[in-house]
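Derivation of every value follows stated rules applied to the coordinates shown; laboratory data play no part. Keep in mind it's a predicted model, so treat the numbers as computed, not measured. When we count neighbours, we look across all protein chains shown, and the Cβ atoms used for this are built from the backbone with ideal geometry, even at glycine.
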Amino acid sequence: MSYNLLKGKKGIIFGALDENSIAWKTAVKAHEEGAEFVLTNAPIAMRMGQIKELAEKTGSEIVPADATNIEELENLVEKSMEILGGKIDFVLHSIGMSVNVRKGKHYTDENYDFTNKGWDVSALSFHKVCQTLYKKDAMNEWGSIVALTYMAAQRVFPDYNDMADNKAYLESIARSFGYFYGREKNVRINTISQSPTPTTAGQGVKGFDGFIAYADMMSPLGNATAQDCADYTVSLFSDLTRKVTMQNLYHDGGFSNTGVSNEVMEKFMKED
Ligand code: NAI
């Protein structure tokens, strides 16, 4: 069902790798809601991913950019304004990668070159995206920028490794940049803290199957899916949420406020 929530709005969507990606589902939903947007991803991901199929489906153009590279981001923002014929109303940062996780380095045995790379891709890139948009004055008033995060920024999930630190940094950028962008241009910046979701990035986390099943059992509403996340993200891009900014918004079926659920307790009860 479509409500035309994004009719006439123009955006940039980072991070659609394949049809499981949260960014992919968000692009499809934003298209259904009347938005026009440019799709972007790192050049290497273009070769691996199926982004062309998404572009055809949503009538979008693709502009490659490594989100850690300022020149490529500048080119992306300029080209997007040319393609879309004006300033931008919404941006989705849906990017994450830890080299330590990929290479199986434990949190207590980090390779700091890997740490730096993962931090640049997963956290600092969000500042780079915001700063490029800001310097180019590329956002329309009441525009909305959203990044995706995970609750390991607040609580320990041992196998989330250095991504926990990256997410804490990412969430802080949303607050700090949100202050300046809000005060000066009425642009809002938020992070969505999403349930574990079976995507390429998600499944890279060790023990993901146990992790996702546990979260589902702990959450009164069950895990939020990638599709649910797309719906929520679109609401944050819409004019219905114009005074929401600098927030980390939990989108997790209630997981973050649940101490324990009866279903989980039952697993530990001794039989009478
Ligand atoms: P995904 O693997 O489909 O998407 C990650 C994207 O990051 C890919 O499209 C990849 O090409 C892109 N990327 C990596 N390096 C890049 C670079 N240098 N420049 C530009 N793009 C780059 O996985 P998913 O799950 O859709 O990830 C999206 C976001 O959601 C990430 O921030 C992730 O941490 C976050 N998230 C995911 C959860 C999960 O369980 N899957 C839970 C909570 C948050």
Q) What Rg and what Dmax come out for the chain when only alpha-carbon atoms are used, in angstroms? A) 18.5, 70
Q. Could you give the distance between the Cα centres of segment 143-209 and segment 63-102, to the whole Å?
A. 17
Q: Go through Lys9/Lys57; Lys79/Lys103; Lys135/Lys243 and tell me which ones have a Cα-Cα distance over 27 Å in this structure.
A: Lys79/Lys103
Q. Please state the relative contact order of segment 51-144 as a whole percent: Cα pairs under 8 Å, 6+ residues apart?
A. 35
Q) What ranking do Trp24, Trp119, Trp142 get, fewest neighbouring Cβ atoms within 10 angstrom at the top? A) Trp142, Trp119, Trp24
Q: Can you tell me the 0 to 90 degree angle between the C-alpha axis of helix 208-218 and the longest principal axis of the chain, rounded to 10?
A: 80
Q.
For Asp89, what residues show an amide H to amide H distance below 5 Å, using hydrogens built from the backbone and excluding near sequence neighbours?
A. Lys10, Gly11, Asn140
**Q.** Angle between the chain longest axis and helix 70-84 axis [Cα atoms, degrees, rounded to 10]
**A.** 60
Q: Report, largest value first, the span of the C-alpha coordinates of segment 128-184 along each principal axis, in whole Å.
A: 40, 17, 14
**Q.** Computed over the chain: relative contact order in percent, which uses C-alpha pairs under 8 Å that are six or more apart
**A.** 19
**Q.** Approximate spin-label separation Glu184-Lys267, in nm, with each point projected 7 Å along Cα-to-Cβ
**A.** 4.8
Q.
I want the local charge near Lys57. Using Cβ-Cβ distances under 14 Å, sum +1 for each Lys or Arg and -1 for each Asp or Glu among the other residues.
A. -4
Q.
Please arrange Glu110, Glu78, Glu56 by how many other C-beta atoms lie within 10 Å of their C-beta, fewest to most.
A. Glu56, Glu78, Glu110
Q: For Ser193, enumerate residues with amide H under 5 Å from its amide H, sequence gap 5+ or separate chain, H modeled in the peptide plane.
A: Thr149, Leu249, Tyr250, His251
**Q.** Reduced Cα scattering model of segment 31-158, Debye log10 I(q)/I(0), q = 0.12, 0.13, 0.18 Å⁻¹
**A.** -0.53, -0.62, -1.07
Q.
What aspartates and glutamates does Lys87 reach when the alpha-carbon gap must be under 15 Å and sequence neighbours fewer than 8 apart in one chain are set aside?
A. Glu36, Glu74, Glu78, Asp137, Glu141
Q.
For the chain, take the longest principal axis of its alpha carbons; what is the angle in degrees between that and the long axis of helix 226-237, to the nearest 10 within 0 to 90?
A. 40
